[in-house]
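Below: one structure, written as structure tokens.
The values are calculated or read from the model by the stated rules, or taken from the named source; none is laboratory data. The structure displayed is predicted, hence computed values, not measured ones. Heads up, the Cβs are rebuilt from the backbone with ideal geometry, glycines too, and the neighbour counts pull from every protein chain shown. SASA here: full protein model, heavy atoms, side chains in, ligands and nucleic acids out. Shrake-Rupley method; radii C 1.70, N 1.55, O 1.52, S 1.80 Å.
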Amino acid sequence: MRTITLAAALSLVAGAALAADPIEGIWQTQPDEGSVALVQIIPCGPAFCGTIMRTFKGTEEYRSPNIGKQIVIDMVPSGGGAYAGKVLRPADNKIYNGKASVSGTAMKLSGCVAGGLICKSQSWTKLK
């Protein structure tokens with residue numbers, strides 16, 4: 001009986017270790033200059049990075065020059081669904097101090113300048 005209990009406990013620990021972080025997955029961006037993108041966020045070292053995989057204008061997919069660009073850069077978890085790192089805004093090709101807040105299938109992603117005094121944010125939706 002003790003062996004089964006120990007095996008069950010080890011299985012739970014292993015399952016928890018394999019569980020994906022809430023920020024991992026495929027996210028749809030909010031429209032920016034008439035386009036939306038699908039961004040895949042995956043681990044990159046101790047942080048998370050997101051790359052544009054597909055782009056759409058309206059309902060039509062199109063081949064944007066931004067496909068393949070990493071726009072979520074070194075987002076490090078800071079607890080409670082919050083992350084801090086950098087974000088690239090393809091519209092102006094500038095990198096900003098970034099922060100993200102994930103709650104279920106919703107993420108608020110912000111890029112800031114002037115020490116966080118001026119920020120622009122987007123709401124993204126997790127697709128998978």
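What distance in nm lies between label points placed 7 Å from Cα along the C-beta direction at residue 103 and residue 122?
Taking the simple label geometry, residue 103 and residue 122 are separated by 2.1 nm.
When the label point is put 7 Å from the Cα of residue 74 along its Cα-to-beta-carbon vector, which residues of segment 102-117 have a backbone N closer than 20 Å?
Under cut-off, by backbone N: 109-117.
How large is ³J(HN,Hα), in whole Hz, for each residue of segment 117-124 in order, when computed from phi with the Karplus curve 6.51 cos²θ - 1.76 cosθ + 1.60 and θ = phi - 60°, using x for Gly and Pro?
6, 10, 10, 10, 10, 10, 9, 10
Which whole-number percentage describes the relative contact order of segment 25-126, with Cα contacts under 8 Å and a sequence gap of 6 or more?
20
Can you compute the charge dipole magnitude of segment 25-126 about its Cα centre, using +1 on each Lys and Arg Cβ and -1 on each Asp and Glu Cβ, nothing else charged? Give it in debye, rounded to the nearest 20.
For segment 25-126, the charge dipole is close to 100 debye.
Rounded to the nearest 0.05, what FRET efficiency is calculated for residue 33 and residue 84 with R0 set to 41 Å and r the Cβ-Cβ distance? Show your work: numbers first, answer last.
Values: r = 26 Å, r/R0 = 0.63.
Step by step, r from the Cβ atoms, then E = 0.95.
Where only protein heavy atoms count, and the probe is 1.4 Å, what is the accessible area per residue for segment 35-96 in Å²? Numbers along the way, then the final one.
Working: 3350 Å² over 62 residues.
Computed with neighbouring chains in place, this is 54 Å² per residue.
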